[in-house]
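Everything below concerns the one structure shown next.
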Amino acid sequence: MLVHLKPTPAVARVMTATALLHDDAESWLAREVTVGTFLAKRGLAVSPTHLLPPGPHQRDGLWMTLWDYVPHDGSGSLPRASELGDSLRRLHAALAEFAGELESLVSIQRWLERLLDELQPAPWLSSVDIESLRASLYELTPRVFDSSQPAQALHGDAGIGNLLRTDKGLLWNDLEDVCTGPIAWDDAGLVGSARARGQSDAFVEEILDAYGGPQLNELSDFIAADELYVTIWQSYDAQRRWRERSVG
């Protein structure tokens with residue numbers, strides 16, 4: 001959840017449902033601030049605020065970090081495919097130089113296991129086969145989450161929704177899931193978010209061309225893992241919301 005702290009040019013990023021994914025929310029958010037500072041100095045991401053300590057802070061049981069408010073285009077219009085690919089390429093080039101300590105991509109696999117353990121067959125999940133999701137996660141783990149491919153620092157959730165269109169170009173935002181792993185994880189995240197917005201394979205291929213590769217078919221395992229991530233999270237969130245309504 002984002003809260004603009006008017007009239008100051010600062011925004012609070014408040015962990016809500018996603019706090020359930022993190023055993024140690026404070027450590028994850030501290031890494032987010034560190035990586036955000038690193039990238040902001042290179043003009044690639046929104047900066048933690050300098051108006052007051054950026055956090056992490058905890059208030060009333062909620063964890064939050066504080067960031068600069070950046071004027072941006074909120075129309076929802078999609079950047080060009082070439083802009084998207086170039087932006088991710090420059091992000092990865094910078095993150096390749098990040099020397100700080102981060103969790104590995106396998107930590108995301110552990111989140112998904114934990115969410116699957118919480119899922120229960122119910123009417124609101126009638127189209128979801130929990131054991132099939134678990135089998136897919138098991139199958140994809142050695143090829144994606146625990147892959148032997150070269151690893152580096154990643155955004156971790158490199159969807160189009162985490163990019164702001166500003167007068168200085170595209171800026172990355174929401175670095176809560178920063179981790180290390182194969183760059184294909186972020187590539188697949190960008191591909192998946194473009195497809196979720198109805199974009200064609202031609203648009204996706206233009207993104208990858210601007211990025212400098214890989215080919216779409218080379219990302220098949222990572223795209224499948226990204227789709228699995230989305231399905232498991234959305235299923236869990238639907239269950240959580242249903243329970244909250246029932247209690248209310």
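The values are calculated or read from the model by the stated rules, or taken from the named source; none is laboratory data. Everything quoted here is computed from the prediction, not taken from an experiment. With ideal geometry, Cβ positions are generated from the backbone for all residues, glycine too; neighbour counts draw on all protein chains shown. With ligands, DNA and RNA removed, areas are computed over all heavy atoms of the protein, side chains included. Shrake-Rupley method; radii C 1.70, N 1.55, O 1.52, S 1.80 Å.
May I ask for the Rg/Rh ratio of the chain, computed from Cα atoms with Rh as the Kirkwood radius, given to two decimals? Each step should come with its number before you reach the end.
Numbers: Rg = 18.1 Å, Rh = 18.9 Å.
Across the chain, the Cα-based Rg/Rh ratio is 0.95.
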Calculate, in nm to one decimal, what residue 231 and residue 82 gain on full extension: separation in residues at 0.36 nm each, minus their alpha carbon distance. 50.9 nm
J(HN,Hα) series, segment 168-182, from Karplus relation 6.51 cos²θ - 1.76 cosθ + 1.60, nearest Hz, glycine and proline x: 9, x, 6, 10, 7, 9, 6, 9, 4, 9, 3, 7, 10, x, x
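Would you please classify the overall shape of segment 1-140 from the alpha carbon gyration tensor, given that a ≥ b ≥ c denote the square roots of the eigenvalues, rounded means a/c under 1.5, and beyond that prolate means a/b larger than b/c while oblate covers the rest? Don't skip to the end; give the middle numbers.
Values: a/c = 1.70, a/b = 1.45, b/c = 1.17.
Verdict is prolate for segment 1-140.
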With a 1.4 angstrom probe the carbon and sulfur portion of accessible area for the chain, in percent, totals 49
CD proxy, 222 nm, the chain: helix-only mean residue ellipticity via -39,500 (n - 2.57) per DSSP H run with n ≥ 4, per residue, nearest 500, stands at -14000 deg cm²/dmol
Within segment 67-127, list the trypsin sites (Lys or Arg not before Pro) lying in a DSSP loop whose Cβ has at most 16 other Cβ atoms in a 10 Å radius. 80
Estimated vicinal HN-Hα couplings, Hz - segment 82-91 in sequence order (Karplus 6.51, -1.76, 1.60; Gly, Pro = x): 5, 5, 5, x, 5, 5, 5, 4, 5, 4
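With contacts defined as alpha carbon pairs under 8 Å and 6 or more residues apart, what's the relative contact order of the chain in percent?
Values: 350 pairs, mean separation 54.4, N = 248.
Relative contact order comes out at 22 percent.
Tell me the net charge near residue 11. Cut-off is 12 Å between Cβ atoms, residue 11 excluded, with +1 for each Lys or Arg and -1 for each Asp or Glu. List each step's numbers first, then the result.
Details: positive: 6, 13; negative: 68, 174.
Taking every Cβ under 12 Å from that of residue 11, the sum is 0.
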Compute the Cα gyration tensor for segment 179-237, then decide on rounded, prolate or oblate, letting a ≥ b ≥ c be the square roots of its eigenvalues: rounded whenever a/c is under 1.5, prolate when a/b is larger than b/c in the other cases, and oblate in all that remain. oblate
Just grab the label-to-label distance for residue 220 and residue 134, each label 7 Å out from Cα along the Cβ direction, in nm (one decimal). 2.7
Taking θ as phi - 60°, what are the ³J(HN,Hα) couplings along segment 185-196 by the Karplus curve (6.51, -1.76, 1.60), each to the nearest whole Hz, with x for Gly and Pro? 5, 5, 4, 5, x, 5, 4, x, 6, 5, 5, 5
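Run the dipole for the chain about the Cα centre, Lys and Arg Cβ at +1, Asp and Glu Cβ at -1, nothing else charged, and hand back the magnitude in debye, nearest 20. Write down the numbers at each step before the final one.
Working: 21 positive and 36 negative charges, 171 e Å.
The calculated dipole for the chain is roughly 820 debye.
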